[in-house]
Amino acid sequence: MKTTNKLVSIFSKIDDPRRDLTKLHKLNDILLIGIISVICGADSWNEMELYAQEKEDFLRTFLELPNGIPSHDTLNRVF
């Protein structure tokens, strides 16, 4: 199993404390975007969003992203 698939599996087991009405993005998608973008040098919410936008095709190989890339505001709220 690829490392990314292992991470997706691990993060999908985390309980999502957000209210159902406000969920546009899957929690494991947000967490993985955060971790991967920081490893790749992002050091702000805007840079995390920009990284995800630039690497969207790659991210879609293992993330669902049903509503596209989470905004920097969403990343900020979750983290």
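The values are calculated or read from the model by the stated rules, or taken from the named source; none is laboratory data. Nothing here was measured: the structure is a model prediction, and the numbers come from that model. Every residue, glycine among them, receives a Cβ derived from its backbone with ideal geometry; neighbour counts consider all protein chains shown.
Which residues, counting only those in the stretch 1-46, are surrounded by 10 or more Cβ atoms within 10 Å (Cβ to Cβ), of a type in the set (Lys, Arg) and outside any helix (DSSP H, G or I)?
Arg18, Lys23, Lys26
What single numbered condition from (1) modelled with pLDDT under 95; (2) over 20 Å from Thr4 (Cβ atoms) fails to hold for Val78?
In the conditions (1) modelled with pLDDT under 95; (2) over 20 Å from Thr4 (Cβ atoms), Val78 misses (2) alone.
Considering each residue of the stretch 21-32, count those that are farther than 12 Å from Gly68 by Cα and under 8 Å from the mean Cα position of the chain (by Cα), and give that number.
Adding up the residues that qualify gives 4.
Considering only the stretch 61-74, I want to know if a residue exists there that is assigned to a helix (DSSP H, G or I) and either without any contact (Cβ under 8 Å) to a residue 12 or more places away in the chain or basic (Lys, Arg) (or both).
Within the stretch 61-74, none of the residues are assigned to a helix (DSSP H, G or I) and either without any contact (Cβ under 8 Å) to a residue 12 or more places away in the chain or basic (Lys, Arg) (or both).
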